[in-house]
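Read the structure below first, then the notes.
The values are calculated or read from the model by the stated rules, or taken from the named source; none is laboratory data. Everything numeric in this text was worked out from a predicted model, so none of it was measured. As a convention, Cβ positions derive from the backbone with ideal geometry for all residues, glycine included, and neighbour counts pool all protein chains shown. Only protein heavy atoms, including side chains, enter the accessible area calculation; ligands, DNA and RNA are left aside. Shrake-Rupley method; radii C 1.70, N 1.55, O 1.52, S 1.80 Å.
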Amino acid sequence: MGEAVFMPGTGNGLDILEAEILKSRYLREGEEDWEDVCERVAKAIASTPEEYVEFLNLMVSKIFVPSSPTIMNAGTVSGQLSACFVIPVEDSIEEIFDSLKTAALIQKTGGGTGFNFSNIRPDGSPSVSGVGTASGPVALIRLFNEATEIVKQFGRRRGANMGILDISHDDVNPFIRAKREEGKLSNFNISVMVPDSFMRLVEQGNMDEIWNAKTGAKVGEIFSEIVEGIWRNGEPGILFYDRINRDNFTPALGDISATNPCGEEPLLPFESCNLGSINLSLIVEDGKVNWDSLRETAGKAVRFLDNEIDINVYPVPEIEEATGKTRKIGLGIMGFHDMLLKLGLPYDSTEALGLAEKIMEQVTYSAVRMSRKLAAEKGTFPEYENSIWELPIRNATLTAIAPTGTISILAGCSAGIEPVFSWVYRRARITGNEFMLVHPLFEAHFKPKLPESSYDRLLEHIYTRGTLQDITDPEIVDEEEKKLFRSALDIDWKTHIDIQAAFQRHCHAGISKTINMPQKARKDDIGKALVYAWMQGLKGLTIYRTESRQRVVLSLKSPV
Ligand code: ADP
């Protein structure tokens, strides 16, 4: 394994990483740089020369970047542009293997698949034929996990799944434990779907109440299993069923019981959704938010994403049909923490919370405006009459906040709405090389201010300790700087949740975010965080306690 080499005084490494990603993931034959990629994508998605210029500018400037499948596949033979899919899984051999096949076809093109396995009868129940017994949802997830393992050889990225089980399912405890052993089901994120009625019992402390009459499982037993799992290695995630379905804009088409792998898109069976994100870092001009630019970019991005629905090549006819009925798109944002740094606002400040809410309000407002305009031009989504929208609109839902794991690196900004993980860190190898990375806004602030040797010592300190909060010399880092340069692990879990909640208030779909906790966090903290997140109106959450898992993508000095 190539050890990360830290060379004091050399650049921040971001450009190397960006070039690596571009080459390994996005460049197609004959393409040499980002502009070539943008030309291919804009040409495929634009329906007029004016749109071509508009889309090209959005992408070249990196103020808006569509998600990976669009960048990889637009204008190519594949033509599959969506990142998010939900596939139903029914309780018969035929249907199970149909779902598996559909998932494989999606993963081959770089899309992520989510499934709710609750219709699968529990482990040990009699099979339909009366011969033998059913093997239950956990065994099925193993099968789906293996299939992803095979398909990965055919695609440009490894494939990702979300496996969901309702908390009322008899097998919920084995499901919660399914990933406890490190390395198990590594192609799956798992989440428990929890209704308000369960959370209310937890909140009121009714832990002895029987939740599942058949298995006799009590509320407290199941909740403790969840907390234990999260404390040990960050899984399962939680999805709040009632909150998700309060934002179901087409309830006549059925309830929503699943999301895509990272949780930002709750979707109906067979729906898919294409994503794209606005780079907030570029919305700051002269130390101020340029609200006009934000609104204008959001409008153009909606046109871009809506066009995609019509040229998208769907893996199977059911997906084309379901997606065509509601025309959901997922416009999101990235670079929120970079925006705050440019504005001089700490991530954990009241101003940041207020700004988060206002940004998402403006993005969603502008998106809705454009979607109404598009409805007037081209028609509403076909199921509009069956929806809860009161004025004609072209897309049943418009906004979602994705992790932007790869595209934020391409755009050179902080990911999604996450705080910067560390000012100095290395990233696990992507294509064989490792890099030391220094956050560019950190570099821009400290490098000119400090003598070279002090700057290098500061980097070394952060690389070893993961923080600058314990530096005592005010000449190096003063109190103001300590407040501004708090990174993910310096920020308490409550603030992480508050920020997610602020964005969620004006977001149609969901938000992908990790609630970081320090290694010393107790199980009790995790329980409290789950209840707090539910009360704040999150649609779901993922908690990760530092160093509770060996293999993580972003790491301080942990082995990769
Ligand atoms: P990107 O930055 O590459 O555009 P994100 O990190 O924002 O992607 O993820 C967006 C969505 O794309 C995820 O929620 C998931 O549905 C899908 N996705 C992400 N990574 C993968 C992967 N390796 N394989 C399949 N789908 C993925």
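Which whole-Hz couplings ³J(HN,Hα) result when phi for each residue of the stretch 243-253 is put into the Karplus expression 6.51 cos²θ - 1.76 cosθ + 1.60, θ = phi - 60°, listed in order with x for Gly and Pro?
5, 4, 7, 5, 9, 7, 7, 10, x, 5, 8
Hey, quick one: spin label on Thr48, modelled 7 Å out along Cα-Cβ, who in the stretch 295-311 has an amide N within reach, i.e. under 17 Å?
Within reach of a label on Thr48: 299-308.
Placing unit charges on C-beta atoms (Lys and Arg positive, Asp and Glu negative, everything else neutral), compute the dipole magnitude of the chain about its Cα centre in debye, rounded to 20.
With Lys and Arg at +1 and Asp and Glu at -1, about 500 debye.
If amide hydrogens are placed 1.01 Å from N in the peptide plane, which non-local residues have theirs closer than 5 Å to the one on Tyr544?
Counting only residues 5 or more places away or on other chains, the set is Ile515, Asn516, Met517.
Using a 1.4 angstrom probe, figure out how much accessible area the stretch 311-443 has per residue, in square angstrom, rounded to the nearest whole.
35 Å²
Take every DSSP beta bridge whose two residues both sit in the chain, then give the antiparallel share in percent to the nearest 5.
40 percent
Which FRET efficiency value, to the nearest 0.05, do you get for Arg158 and Thr472 by plugging their Cβ-Cβ distance into 1/(1 + (r/R0)^6) with R0 = 45 Å?
Step by step, r from the Cβ atoms, then E = 0.55.
Taking Rh as the Kirkwood radius, which is the inverse of the mean 1/r over Cα pairs, what is the Rg/Rh value for the stretch 492-546?
0.96
Give the cross-link partners of Lys43 among the lysines, using a straight C-alpha distance below 29 Å as the criterion and excluding same-chain residues fewer than 8 apart.
Partners within reach: Lys23, Lys62, Lys108, Lys152, Lys300, Lys325, Lys328, Lys373, Lys378.
Place +1 on the Cβ of every Lys and Arg and -1 on the Cβ of every Asp and Glu in the chain, take the dipole about the Cα centre, and give the residue among Gln80, Cys507, Leu343 whose Cα lies farthest towards its positive end.
Comparing the listed Cα positions along the dipole, Gln80 ranks first.
Between Arg28 and Ile16, what is the spin-label point distance in nm, taking each point 7 Å from the Cα along the Cα→C-beta axis?
Here the modelled spin labels are 3.1 nm apart.
Multiplying the sequence separation of Asp310 and Gln519 by 0.36 nm and subtracting their Cα-Cα distance, what value in nm do you get?
Using 0.36 nm per residue and subtracting the Cα-Cα distance, I get 70.5 nm.
Which residues' amide hydrogens lie under 5 Å from the amide hydrogen of Val86, considering only partners 5 or more residues apart or on another chain, with H built in the peptide plane?
Close amide H contacts, sequence-distant or interchain: Gly114, Phe270, Glu271.
Could you check how many percent of all C-alpha pairs in the stretch 291-360 are farther apart than 18 Å?
Percent of Cα pairs beyond 18 Å in the stretch 291-360: 54.
What list of ³J(HN,Hα) values in whole Hz, one per residue of the stretch 324-332 in order, does the Karplus curve 6.51 cos²θ - 1.76 cosθ + 1.60 (θ = phi - 60°) give from phi, with Gly and Pro shown as x?
Computed from phi, the couplings for the stretch 324-332 are x, 6, 10, 6, 6, 10, x, 8, x Hz.
Over all alpha-carbon pairs in the stretch 339-448, figure out the percentage whose distance exceeds 25 Å.
45 percent
Expressed in nm², what is the orientationally averaged projection area of the convex hull enclosing the Cα positions of the stretch 177-232?
4.4 nm²
Apply the a/c threshold of 1.5 to the C-alpha gyration tensor of the stretch 406-548 and tell me whether it is rounded, prolate or oblate.
prolate
When you take every Cα atom in the stretch 68-169, what is the radius of gyration, and what is Dmax, the widest Cα pair distance, in Å?
Taking only Cα atoms of the stretch 68-169, I get Rg and Dmax of 15.2, 51 Å.
Kirkwood Rh over alpha-carbon pairs of the stretch 164-270, then Stokes-Einstein at 20 °C and 1.002 mPa s: what D in µm² s⁻¹, rounded to an integer?
For these conditions, the coefficient is 146 µm²/s.
If each of Glu547 and Glu285 carries a label point 7 Å out from its Cα toward its Cβ, how far apart are those two points in nm?
4.7 nm
Be a star and scan the stretch 83-117 for residues whose amide nitrogen sits under 16 Å from the point 7 Å along the Cα-to-Cβ vector of Val131.
Of the residues in the stretch 83-117, 93-94 have backbone N under 16 Å from the label point off Val131.
On average over all directions, what projected area in square nanometres does the chain have, based on the convex hull of its Cα atoms?
Value for the chain: 25.6 nm².
Please say if the stretch 329-386 is rounded, prolate or oblate, where rounded means a/c under 1.5 for a ≥ b ≥ c the square roots of the C-alpha gyration tensor eigenvalues, and otherwise the choice is prolate for a/b larger than b/c and oblate otherwise?
Prolate, because a/c is 1.5 or more and a/b exceeds b/c.
Subtracting the Cα-Cα distance from 0.36 nm times the residue separation, let me have the gained length for Asp36 to Lys449 in nm, one decimal.
In short, 144.9 nm is gained.
Largest first and in whole Å, give the semi-axes of the stretch 1-127's equivalent ellipsoid, each being the square root of 5 times a Cα gyration tensor eigenvalue.
Semi-axis lengths for the stretch 1-127 are 38, 24, 12 Å.
Rolling a 1.4 Å sphere over the protein heavy atoms, what is the accessible area per residue of the stretch 142-299, to the nearest Å²?
The answer is 40 Å² per residue.
Taking all protein chains as present, what is the carbon and sulfur share of the accessible area of the chain, in % to the nearest whole number, probe 1.4 Å?
51 percent
Tell me, what is the FRET efficiency for Glu351 and Met535 to the nearest 0.05, using R0 = 25 angstrom and their Cβ-Cβ distance as r?
0.60
In the chain, which cysteines lack any other cysteine Cβ under 4.7 Å from their own?
Taking the Cβ cut-off of 4.7 Å, the unpaired cysteines of the chain are Cys38, Cys262, Cys413, Cys507.
Multiplying the sequence separation of Arg200 and Glu228 by 0.36 nm and subtracting their Cα-Cα distance, what value in nm do you get?
8.1 nm
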